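Here, each number is a calculation from the coordinates, and none is a lab measurement. Since the model is a prediction, treat every value here as computed from it, not as a measurement. Heads up, the Cβs are rebuilt from the backbone with ideal geometry, glycines too, and the neighbour counts pull from every protein chain shown.
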Amino acid sequence: MSKPIRPIRTEADHAAALAEIDALFAATPESQDADRLEVLSVLVAEYERAQGSAISAHPVEVLKMAMKAQGRTQAELAELLGSRSRASEVLGRRRQLSGAMVEKLAQSWAIPAALLSAPYSIESRLLRTLKIGVAILAITIGLGGAAVAGMFAWYGSDLPDTEHIAAALSGSTANVPGFTPLQDLPPELIKAFLAAEDEDFYGHAGYSGTAILRAAWHTAVSGKRQGGSTITQQVAKNVLLKESPSLKRKIKEIILAQRLEDALTKDRILETWLNVVYFGGKEYGVTAAAQHYFGKAPGNLSVAEAAYLAGLPKAPNVYRLDVADNRIRAKERRDWVLNRMAADGMITVSAARLASAEPLTVPGRN
Amino acid sequence: MRILGGNTLNAYAMRKPRRKEFLLAFRALVEAASWRRLKDVEGQFLQVVDVTPPDCIAFDFPEENLRIETRVNCALGLVRVFSVGPSDRKKRRTP
């Protein structure tokens, strides 16, 4: 005689019931075993229902599962529903299964209508468009980034590396006529050049992304080329590159600027630049320029004179006073440099005003 | 059909949340079915069943990398789920 059937209250009861079900599973209908199996299965199913979650299946997942089970394709679904877009939208949960669709699926593919009729939310067109937009943007940014990285790797492969740069520039500028070490230049002169050319020189890593983007925007909008080069980039351009302006040169300039920053100290880069930068005519380097324009050594320049010289490298032929009457533009440029110096706290506002009041003259030419 | 051992399906869905909706759909379709003989199971799940007489049926979904092994007693309307795991067919397809 078999033992009595007990309610299932615990996991142990459940496991024991399942074990007995397995033993009786092949029972034929109308037998004692079948009756026992049926009662046990009711108890087990009820216990499992109480233990499990009550989430119902998503109609679209049911449809997909039924399609996979029967080996049906999306094309067949499109034929059944009347159009490819309808099938695609249903499978992508962008369209509700209508009553007519449910009926067709139930009749033709024997999918229970009850499973397909549950309501579900669909993705709005706006949200979908937004998602596609974000995806396209992400892909574009990714591809653009990869292309830029590839260009940098390609152009950088034939440029001198950090060690070569360090070796090449270790003593080269010391041989420049009139070479002046940085420590021999007055602080106001250095400040003037930094204010005019690269106020973030001691903060950036060789190039300024903001300045490059600003210059690119200006060039694109106005059609006139604008610089955007840091002092480090200018050293790279003037000392290490001999190419004419192009996108390729700009990329090489950035790569070399980064390598320069790794190879040399900031002071060494600034010193190199101050000794090779072009000031118009035949004048290269700050010492030659100070002598040419003011007949003085750099250490004897006034703040106003230093500011004038600092304004020259941007466009030497526009601001130089020795060949044409550029006095108004030159004074504007000098005063702009003085204002920048005051704004950056390099000199006081009153010192800037005093210097602005000085007339702009080149000895022997006025 | 009445599913027994459905907690095996739940446990697998907990471990592999991406399979949860698929397993729910499987459960719903099986519960809604009323198979009278094994041929009915084969008819409804034509592409995915592996039948081992007298009553063992495995539902194997290679695309979902899922295999559900069961015993089916059509006469009493019972489906006993034994195990859920990775697809055998997918393994066979991948040398």
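Remarks
- Relative contact order of region A:159-357, taken over Cα pairs closer than 8 Å and 6 or more residues apart, is 24 percent.
- Spin-label model, A:W336 to A:A100: label points 7 Å out along the Cα-to-beta-carbon direction sit 7.1 nm apart.
- Across chain A, the mean sequence separation of Cα contacts (distance under 8 Å, 6 or more residues apart), normalised by length, yields a relative contact order of 12 percent.
- Given A:K237/A:K331; A:K224/A:K250; A:K282/A:K314; A:K252/A:K282; A:K224/A:K314, the pairs whose alpha carbons are separated by over 19 Å: A:K237/A:K331; A:K252/A:K282
- Highest-fluctuation residue, A:S85, A:S208, A:S229 considered, GNM on chain A with Cα pairs under 10 Å: A:S85
- Three-way shape label, chain B, alpha-carbon gyration tensor, a/c 1.5: oblate
- Largest mean-square fluctuation among A:A220, A:A23, A:A310, in a Gaussian network model of chain A whose springs join Cα atoms under 10 Å apart, belongs to A:A23.
- Within 10 Å of each Cβ in B:3-12, the average number of Cβ atoms from other chains: 5
- This ranking places B:L66, B:L78, A:L127 by how few other beta-carbon atoms lie within 10 Å of each, fewest first, which gives A:L127, B:L66, B:L78.
- Here the Karplus relation 6.51 cos²θ - 1.76 cosθ + 1.60, evaluated at θ = phi - 60°, turns the backbone of region A:274-285 into coupling constants of 4, 8, 10, 5, 8, 10, x, x, 10, 9, 10, x Hz, with x for every Gly and Pro.
- Antiparallel content of DSSP bridges confined to the protein assembly as shown, in %, to 5: 85
- Bridgeable lysines around A:K68 (alpha carbons under 19 Å apart, same-chain partners fewer than 8 residues away excluded): A:K104, B:K20, B:K39, B:K90, B:K91.
- As a proxy for reagent exposure, ranking B:V30, A:V42 by other Cβ atoms within 10 Å from fewest up yields A:V42, B:V30.
- FRET efficiency for the A:S246 to A:R329 pair, using the beta carbon distance and R₀ = 30 Å, is estimated at 0.55.
- Between region A:198-261 and region A:1-47, the alpha-carbon center distance in angstrom: 82
- Segment A:A343-A:L80, length gained on full extension (0.36 nm per residue, minus Cα span): 87.2 nm
- Loop-resident trypsin sites (Lys or Arg not before Pro) (DSSP state other than H, G, I, E or B) in region A:223-315 with no more than 15 further Cβ atoms inside 10 Å of their Cβ: A:K224, A:R225, A:K242, A:K282, A:K296, A:K314.
- Estimated FRET transfer efficiency (A:A23, A:S117; beta-carbon r; R0 30 Å; 0.05): 0.15
- Here the contact order of chain B, divided by its residue count and restricted to Cα pairs under 8 Å and six or more residues apart, works out to 31 percent.
- For chain A, a Gaussian network of Cα nodes joined below 10 Å ranks A:R320, A:R340, A:R72 by mean-square fluctuation, and the top entry is A:R72.
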